[in-house]
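Peer 1: After the structure tokens below, expect a handful of questions from me.
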Amino acid sequence: IEPNLIACNHPKSCKLASRQVKGERDCAKYYWCPRQKVLEFRCSAGLWFDVDRQICDFKLKIDNCEKSHDASTPRPLLATEEPICPSGQLACADRKCINRDLFCDGQIDCADGSDESYCDPENDPNGPVRCNANNCTLPDCFCSTDGTIIPGHLKPEETPQMVILTFDDAVNNENWEIYQKIFASNRTNANGCPISTTFFLSHEYTNYRHVQKLWNDGHEIAVHSITHKQPELWWTFNATMEDWFDEFAGMANIVNRFAGIPLDELRGTRVPFLRVGWNTQFIMMKEFGFLYDSSMVAPRSDPPLWPFTLDYRIPHKCHGSRQRCPSRSFPGMWEMIMNPFDIEGHICAMVDSCPTHLSEDEIYAMFMDNFNRHYTTNRAPFGLYFHTIWFKEKQNFKILLRFIDDLIQNKDVFFVSNYQAIEWMRTPTPISQLNNFEPWKCKKDIEPNLIACNHPKSCKLASRQVKGERYLHTCFDCPDVYPWVKNEFGLEFK
């Protein structure tokens, strides 16, 4: 061997920087794992990923760059052969006793965090009991043991088959023509009134002149958040009570101010990515005055599930990867459960998440097969849930129109909004009496100043939050800055 390599006569300790090793790790990189796949993402330039909050944020706000993953927490000792704690208390995983009502309240009280680690509807020690139909009566409470019972115990042949179309995200010139064609005046239900739908609005790019027109035409407007921010799991695990109020109460106030829709008519919510926000979301909804949520996806069942109120434990498993359904009772609040599609064994909630390789006839057959699963059994409301990207394929638009036009020929099928469906469930009315059912009659008596937008405004506004300028289309006065969460304008909503 070369003599100068036999011995280390001049050792050196080299201190070197590295993005890959601890201390200089790549803090902008994060991973998302849907359906047992690992997908790698990066935050935008200048931002790092916050593992605790599950969002990208400015570097100065992040002090956990060295943390690589969420640590798991142990299970509390709620049921043991011999009692550990005195009456009214339960044991943490380390056997420390704390008051029972401190479990699953959103605040960590056990040193090991175990009091907040198993807080699903099945394990929350303070959760509601299963349905007690004797103590749950309409119009403000509805439940059944398995979720399949028709309200009012009507027979299926007496029950109208409700079809609920919903559309998520912004309403603007990209989809306005689609909505105008779908909801043409000649498409009417058996009572002679136009078919209606529910729009779950997110803020960015929404044209509030269009929103006002949709509401004036009898459609329901509901709330889908201001920012629709990513990553998806932020909504389930990291959004605080303040975040929920900012995003949903803030959006309701934006719609109220710029579309002129009264706050008491903004009744429903849907969380971005259908990421249910545990009890935190529903506490916000109760305090602000929302009536219903439509974010929970049911497991596929036959017969399908009817919507229910959250007085009692939900009648199904909390379905989906890392979902957190509410574990407490929220009396009088409705869950407009989303029964999924089943296509060749593939289960999908939103229509645009279903297989894309199908032909026109196969998509139509998928619609009809799933519709008949409702129509021929317990007639639970049949939902078709869309993002308008699905209509970029022209055949898809034709299929939906064909499906609607075929179904409205049936005198027992009605296209209604989520709120109209709730109104029917509150007062179950047989098909033979629906012509006199007030909540489904044609919309009248709109405030004169809201019928038309005589002085439309297009406001070009700067925004630090969206890093540029945005147009705000409204029939009302322009604000000074673009409406967003926690900016000068948004603070008016608190």
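Peer 1: Given Cα pairs under 8 Å that are at least 6 residues apart, what percent is the relative contact order of the chain? Please list the in-between numbers first.
Peer 2: Values: 882 pairs, mean separation 83.7, N = 494.
Once divided by the residue count of the chain, the mean separation gives 17 percent.
Peer 1: Okay, moving on. Regarding region 290-348, what is the average projected area of its C-alpha convex hull, in nm²? Display every interim value, and only then the final one.
Peer 2: Details: hull surface 17.2 nm².
Averaged projected area of region 290-348's Cα convex hull equals 4.3 nm².
Peer 1: Now for a separate question. Rounded to whole Å and sorted largest first, what semi-axes of the equivalent ellipsoid does the C-alpha gyration tensor of region 73-118 yield via the square root of 5 times each eigenvalue? Can you show the working numbers first?
Peer 2: On the way: eigenvalues 49, 26, 13 Å².
Over the Cα atoms of region 73-118, the semi-axes work out to 16, 11, 8 Å.
Peer 1: Excluding ligands and nucleic acids, what accessible area in Å² is computed for Trp440 using a 1.4 Å probe, to the nearest 10?
Peer 2: That residue has around 10 Å² of solvent-accessible surface.
Peer 1: Can you tell me the Rg and the Dmax, both Å, for the Cα atoms in region 156-440?
Peer 2: For region 156-440, the Cα-based Rg and Dmax read 17.8, 49 Å.
Peer 1: Moving to a separate point now. I want the local charge near Asp105. Using Cβ-Cβ distances under 12 Å, sum +1 for each Lys or Arg and -1 for each Asp or Glu among the other residues. Provide the component values of the computation, followed by the final result.
Peer 2: On the way: positive: Arg100, Arg328; negative: Asp101, Asp109, Asp115, Glu116, Asp124.
The answer is -3.
Peer 1: At 7 Å along Cα-to-Cβ for each site, give me the label-to-label distance between Lys181 and His357 in nm.
Peer 2: Reported label-point gap for Lys181 and His357 is 2.8 nm.
Peer 1: Based on DSSP H runs of at least 4 residues, each adding -39500 (n - 2.57), what is the mean residue ellipticity at 222 nm of the chain after dividing by all its residues, to the nearest 500 deg cm²/dmol? All intermediate terms of the calculation are to be shown ahead of the outcome.
Peer 2: On the way: 11 runs with 93 residues, N = 494.
It lands at -5000 deg cm²/dmol.
Peer 1: When all alpha-carbon pairs of the chain are counted, what percent fall beyond 42 Å? Let's see the in-between values first.
Peer 2: Details: 30113 of 121771 pairs.
So the pairs more than 42 Å apart make up 25 percent of the total in the chain.
Peer 1: Continuing with the same structure: Could you state how much accessible area Phe273 has, in square angstrom rounded to the nearest 10, with a 1.4 Å probe and all protein chains kept in place?
Peer 2: Rounded to the nearest 10, that gives 60 Å².
Peer 1: Would you please name the trypsin sites (Lys or Arg not before Pro) within region 352-423 that are DSSP coil residues with at most 12 other C-beta atoms within 10 Å of their C-beta?
Peer 2: Loop-located and lightly packed - Lys411.
Peer 1: Okay, next question. With an 8 Å cut-off on Cα pairs and a minimum separation of 6 or more residues, tell me the relative contact order of region 73-118 in percent. Don't skip to the end; give the middle numbers.
Peer 2: On the way: 75 pairs, mean separation 18.0, N = 46.
The value is 39 percent.
Peer 1: Considering only protein heavy atoms, with the full assembly of protein chains and a 1.4 angstrom probe, order Tyr179, Tyr30 by accessible area, largest first. All intermediate terms of the calculation are to be shown ahead of the outcome.
Peer 2: On the way: Tyr179 5, Tyr30 35 Å².
From most accessible down to least: Tyr30, Tyr179.
Peer 1: Assuming 0.36 nm per residue, please report the length gained on full extension of the stretch Arg130 to Thr240 beyond their Cα-Cα distance. Intermediate results must be reported in sequence, preceding the final value.
Peer 2: Working: separation 110, 0.36 × 110 = 39.60 nm, distance 2.82 nm.
Extra length from Arg130 to Thr240 when fully extended: 36.8 nm.
Peer 1: With a 1.4 Å probe and all protein chains in place, put Cys459, Cys475 in order of accessible area, largest first. Kindly include the intermediate steps, with their values, before the conclusion.
Peer 2: Numbers: Cys459 5, Cys475 25 Å².
Largest accessible area first, the list is Cys475, Cys459.
Peer 1: Let me ask something additional. If you wrap region 109-264's Cα atoms in a convex hull and average its projection over all directions, what's the area in nm²? Let's see the in-between values first.
Peer 2: Values: hull surface 53.9 nm².
Averaged projected area of region 109-264's Cα convex hull equals 13.5 nm².
Peer 1: Label Thr188 and Asp477 with points 7 Å out from Cα along Cα→Cβ: what is the distance between them in nm?
Peer 2: With each label placed 7 Å out from Cα toward Cβ, I get 4.2 nm.
Peer 1: Residue separation times 0.36 nm, minus the C-alpha to C-alpha distance between Lys443 and Asn64: what's the value?
Peer 2: On the way: separation 379, 0.36 × 379 = 136.44 nm, distance 5.41 nm.
The Lys443-Asn64 span can extend by a further 131.0 nm.
Peer 1: A further question on this structure: For the Cα atoms of the chain, what angle does the longest principal axis make with the long axis of helix 250-259, in degrees from 0 to 90, nearest 10?
Peer 2: 40
Peer 1: Residue farthest toward the positive end of the dipole of region 156-248, with Cβ of Lys/Arg at +1 and Asp/Glu at -1: which of Thr166, His219, Thr240?
Peer 2: So the residue furthest toward the plus end is His219.
Peer 1: Let me ask something else about it. How about region 80-165: which trypsin sites (Lys or Arg not before Pro) there lie in a loop by DSSP and see at most 16 other Cβ atoms within 10 Å? Each step should come with its number before you reach the end.
Peer 2: Details: sites: Arg95, Lys96, Arg100, Arg130; in loops: Arg95, Lys96, Arg130.
Listed in order of number, the matching sites are Arg95, Arg130.
Peer 1: Still on this structure: How many Å² of accessible area per residue for the chain, probe 1.4 Å? Before the final figure, lay out each step's value.
Peer 2: Working: 24930 Å² over 494 residues.
Per residue, the chain has an accessible area of 50 Å².
Peer 1: Thr80 to Arg402: extension gain in nm, 0.36 nm per residue of separation minus the Cα-Cα distance?
Peer 2: On the way: separation 322, 0.36 × 322 = 115.92 nm, distance 5.92 nm.
Contour length minus Cα-Cα distance gives 110.0 nm.
Peer 1: Can you give the FRET efficiency for Thr377 and Cys33, using 1/(1 + (r/R0)^6), R0 = 30 Å, r = Cβ-Cβ distance, to the nearest 0.05? Numbers along the way, then the final one.
Peer 2: Numbers: r = 36 Å, r/R0 = 1.19.
Approximately 0.25, to the nearest 0.05.
Peer 1: May I ask you to give the percent of accessible area on region 156-440 that is carbon plus sulfur, with a probe radius of 1.4 Å? The partial results should precede the final answer.
Peer 2: Numbers: 4650 of 9950 Å².
Of the solvent-accessible surface of region 156-440, carbon and sulfur hold 47 percent.
Peer 1: How far is it, in nm, from the label point at His387 to the one at Cys348 when both lie 7 Å from their Cα along the line to the Cβ?
Peer 2: Calculated label separation equals 1.2 nm.
The values are calculated or read from the model by the stated rules, or taken from the named source; none is laboratory data. For clarity, every value in this text was computed on a predicted model and none was experimentally measured. With ideal geometry, Cβ positions are generated from the backbone for all residues, glycine too; neighbour counts draw on all protein chains shown. Just so you know, the surface numbers come from the protein's heavy atoms only, side chains and all, with ligands and any DNA or RNA stripped out. Shrake-Rupley method; radii C 1.70, N 1.55, O 1.52, S 1.80 Å.
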